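What follows is calculated from the coordinates using simple rules that are stated; it is not laboratory data. Quick caveat: nothing in here was measured; it's all calculated off a predicted structure. Every residue, glycine as well, gets a Cβ built from its backbone with ideal geometry; the counts of neighbours run over all protein chains shown.
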Amino acid sequence: MQKIIALISGGLFGIGLYISQMTNTRKVQGWLDIFGDWDPTLTFVMGGAVVPMFFAWKIINKRKKTFTGCEVPPQRNRKNNLPLIIGSVLFGIGWGLAGLCPGPAIASLSFGGSYGVIFLIAMISGMFFISKVLKI
């Protein structure tokens with residue numbers, strides 16, 4: 001049952017990314033360009049993701065089991081530390097330069113041509129480098 005729910009959720013997520021144009025690099029870069037030719041339409045997409053998750057976290061914090069019967073893991077300490085700040089900055093720079101982040105990058109593989117594949121390889125290489133070489 002969990003795998004079916006994961007498959008449906010992942011499919012809906014990918015479709016949502018495509019419909020909202022989060023896989024369109026020019027649309028994303030237009031949204032990030034707040035001092036230039038800003039395109040505010042993706043703000044509604046972000047709000048449509050953040051608002052429901054706010055309530056989902058409020059609900060899950062009061063439960064011991066998930067909808068599928070799995071135990072809810074305890075929350076980890078959420079202190080801001082140097083690796084988190086460095087990772088956030090690198091993520092933002094990469095998102096602004098490429099116009100893709102991990103979710104849309106994977107979704108773009110189905111139609112993005114070689115650009116999506118090159119980005120995904122570079123993203124995975126960067127993740128490996130940071131985790132194995134720098135051990136952050």
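For the chain, the membrane-span-like helices by this rule, meaning whole DSSP H stretches whose C-alpha atoms cover at least 20 Å of axis and whose Kyte-Doolittle mean is 0.5 or above, are 2-19, 42-60, 82-98, 113-128; this says nothing about an actual membrane. Projecting the Cα atoms of Asn80, Leu32, Phe128 onto the dipole axis of the stretch 24-136, where Lys and Arg carry +1 and Asp and Glu carry -1 at the beta carbon, places Asn80 farthest toward the positive end. In this structure, the amide hydrogen of Asp39, modeled 1.01 Å from its nitrogen in the peptide plane, lies closer than 5 angstrom to those of Trp31, Asp33, counting only residues at least 5 positions away or on a different chain.
Judged by the mean number of other Cβ atoms found within 10 Å, the most tightly packed of the peptides 89-100, 70-81 leads the ranking 89-100, 70-81.
With a simple spin-label model that places each label point 7 Å from the Cα along the Cα-to-Cβ direction, the separation between Leu109 and Trp38 comes to 3.5 nm.
The tail of the calculated P(r) for the chain beyond 25 Å holds 43 percent of all Cα-Cα pairs.
Bridgeable aspartates and glutamates around Lys65 (alpha carbons under 20 Å apart, same-chain partners fewer than 8 residues away excluded) are absent. Rounded to the nearest 0.05, the FRET efficiency derived from the C-beta distance between Arg63 and Leu7 at R0 = 22 Å is 0.45.
Convert 10 °C to kelvin, take the viscosity as 1.306 mPa s, use the Kirkwood radius over C-alpha pairs of the stretch 63-118 as Rh, and evaluate the Stokes-Einstein diffusion coefficient in µm²/s, rounded to a whole number.
110
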